[in-house]
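Enquirer: First the structure, which I've put down as structure tokens, then a few questions once you've had a look.
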Amino acid sequence: MAIAVLALQGAFIEHEKRLESLGAEVFEIREAADLARPFSGLVLPGGESTVQGKLLLELGLFDALKARIEGGLPVLATCAGTILLASRLEDDPTKWFGTLPVTVHRNAFGRQLGSFRAEEEMKGIGRIPMTFIRAPLITETAPGVDILARSKGGICAVRFGNQLALTFHPELDPDPAVHRLFLEMVRESGGKP
Ligand code: GLN
């Protein structure tokens with residue numbers, strides 16, 4: 001079984017390279033036919049959530065992926081991917097998958113100046129570099145959501161069961177710890193990465 005990486009837009013290639021370097025088999029989801037291939041984990045990359053959400057709907061991928069996530073498929077979401085998972089966006093009625101019970105503030109640092117690097121502690125992993133690019137922050141979490149890291153006064157990493165969601169880009173830093181954690185979740189769920 002393999003890890004599927006949503007490859008409609010954004011920073012997906014870096015996720016593929018990182019997962020492959022950790023020994024995982026990886027393939028891209030670009031159209032509905034790709035869903036016929038078995039996969040035991042899903043990556044929702046960063047990029048532009050509005051574009052990705054619209055493409056998911058137009059390409060007929062949305063309902064099937066939502067059902068798989070609700071069914072317990074391990075998901076690693078970064079940045080725009082986290083916006084797609086969120087059950088609520090601040091000051092915005094848009095909701096995409098809505099499977100992750102958190103509130104997300106898009107472009108929390110402003111649209112242009114919101115890109116920076118930090119180093120923070122992530123629960124279960126330790127101190128890691130974090131690259132934020134026009135990043136959102138998580139401003140509220142429902143009970144049951146495990147807060148894994150904070151930066152700049154907000155929450156930047158959470159886990160809710162099968163969903164690991166970050167507002168930074170671990171695929172752009174050399175540290176493989178986050179992807180290792182995700183592959184661990186895939187193994188625990190019974191799928192071989
Ligand atoms: N600002 C983007 C959005 O709202 C997310 C940025 C990112 O994925 N790096 O979709």
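Enquirer: Give me the residue from region 17-44 that is in a helix (DSSP H, G or I), aliphatic (A, V, I, L, M) and open to solvent by 10 Å² or more (accessible area, probe 1.4 Å) and, out of that set, farthest from the ligand (Cβ to nearest atom).
Expert: Selected residue: A36.
Enquirer: Would you point out which residue out of I3, I13 is modelled with pLDDT of 95 or more, more than 14 Å from the ligand (Cβ to nearest atom) and surrounded by 15 or more Cβ atoms within 10 Å (Cβ to Cβ)?
Expert: So the residue among I3, I13 that is modelled with pLDDT of 95 or more, more than 14 Å from the ligand (Cβ to nearest atom) and surrounded by 15 or more Cβ atoms within 10 Å (Cβ to Cβ) is I3.
Enquirer: Then there's this: Filter region 112-127 for residues that are assigned to a strand (DSSP E or B) and surrounded by fewer than 19 Cβ atoms within 10 Å (Cβ to Cβ); which is farthest from the ligand (Cβ to nearest atom)?
Expert: If we take residues in region 112-127 being assigned to a strand (DSSP E or B) and surrounded by fewer than 19 Cβ atoms within 10 Å (Cβ to Cβ), then G126 is farthest from the ligand (Cβ to nearest atom).
Enquirer: Mind checking whether some residue in region 45-53 is under 16 Å from the mean Cα position of the chain (by Cα), more than 16 Å from the ligand (Cβ to nearest atom) and surrounded by 19 or more Cβ atoms within 10 Å (Cβ to Cβ)?
Expert: no
Enquirer: Considering every residue within region 165-178, establish whether at least one is in a strand (DSSP E or B), open to solvent by less than 10 Å² (accessible area, probe 1.4 Å) and either at pLDDT 95 or above or hydroxyl-bearing (S, T, Y) (or both).
Expert: Checked region 165-178: at least one residue is in a strand (DSSP E or B), open to solvent by less than 10 Å² (accessible area, probe 1.4 Å) and either at pLDDT 95 or above or hydroxyl-bearing (S, T, Y) (or both).
Enquirer: T94: open to solvent by less than 10 Å² (accessible area, probe 1.4 Å) and at pLDDT 95 or above, yes or no?
Expert: No.
Enquirer: OK, next. For region 54-87, how many residues are within 14 Å of the ligand (Cβ to nearest atom) and either open to solvent by 60 Å² or more (accessible area, probe 1.4 Å) or not in a helix (DSSP H, G or I) (or both)?
Expert: 6
Enquirer: Output the number of residues of region 88-107 satisfying the condition of being away from the ligand (no atom under 11 Å from the Cβ) and touching a strand residue (DSSP E or B) at 6+ places or on another chain (Cβ under 9 Å).
Expert: Number satisfying all stated conditions: 11.
Table: residues versus (1) surrounded by fewer than 18 Cβ atoms within 10 Å (Cβ to Cβ); (2) touching a Cys at 6+ places or on another chain (Cβ under 7 Å); (3) touching a residue at least 24 places away in the same chain (Cβ under 8 Å); (4) outside any strand (DSSP E or B).
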{"site": "G110", "(1), (2), (3), (4)": "yes, no, no, yes"}
{"site": "P129", "(1), (2), (3), (4)": "yes, no, yes, no"}
{"site": "E140", "(1), (2), (3), (4)": "yes, no, yes, no"}
{"site": "P143", "(1), (2), (3), (4)": "yes, no, no, yes"}
{"site": "R180", "(1), (2), (3), (4)": "yes, no, yes, yes"}
{"site": "V186", "(1), (2), (3), (4)": "no, no, yes, yes"}
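The values are calculated or read from the model by the stated rules, or taken from the named source; none is laboratory data. Since the structure is predicted, the reported quantities are computational estimates derived from the model, not experimental observations. Note that each Cβ is placed from the backbone with ideal geometry, even for glycine, and that neighbours are counted across all protein chains shown. Quick note on the areas: whole protein, heavy atoms, side chains included, nothing else; ligands and nucleic acids left out. Shrake-Rupley method; radii C 1.70, N 1.55, O 1.52, S 1.80 Å.
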